[in-house]
Amino acid sequence: MQVEEGSFVSKMAAMVLTFVALMLLPATAQIFSLPSGNAFVGFSYSRSDILVADKSNLYGFEGSLEFKVFPHIGGVADVSGYYLKGVHEYDFLFGPRFYMTFKRKYRPFAEVLVGLGHENYFDTVDTTFAEGAGVGFDRKFLKLFDWRVEGDYLQTKNFSFTQKGVRVSTGLVFHF
């Protein structure tokens, strides 16, 4: 079976490999004495005016690494990818996340992110500044895992057009 670039199988394989790599992070953290934090990987839906003329429904993935910087403040590196026939969008964002923990089960948070938005629109490529802000919460799922629900507002200026959209993500959070 031949798999064409951008197919569902190759996207799922990339998500599985990312998840396995994130699961190996605790061993790496012990070897290199990394600060505490968490890794998130999950499914993401984006409603964006990526096609300039109309809103588009895009599906893909989101993953993030958060390291505790101060009490109730973490530094976040966030990557997301979305796919539609002929369109691939990737966002690479960084910034602070502010959080609280309640009853050791609930962890609401807010974040402000900046970085790069990369878009491939029918083989025309553009990379520009991207910014976003969002909120979400983690719910204790198992001893080392939480379940996350998150919503973000994102904005880029790919192809000289201001593109605004929202993304909603959900998935597993692993604490290290």
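We did not get these values from a lab; they are worked out from the coordinates using the rules stated. Keep in mind that this is a model prediction, so the values were computed, not measured. Counting neighbours? That spans all protein chains shown, and the Cβs are built from the backbone with ideal geometry, glycine included.
Each label was represented as a point 7 Å from its Cα along the Cα-to-Cβ direction; for Phe102 and Leu142 these points are 2.6 nm apart.
Estimated at 0.36 nm per residue, the fully extended path between Ser36 and Lys68 surpasses their Cα-Cα distance by 10.9 nm.
Distance between the modelled labels on Ser160 and Phe43, one decimal in nanometres: 3.9 nm (7 Å Cα→Cβ projection).
Note on Phe94 and Thr128: with the Förster distance fixed at 25 Å, the Cβ-Cβ geometry gives a FRET efficiency of about 0.95.
Protection proxy ranking, highest mean first, for peptides 133-146, 80-93, 98-111, 62-75: 80-93, 62-75, 133-146, 98-111, where packing is the per-residue count of other beta-carbon atoms within 10 Å, averaged.
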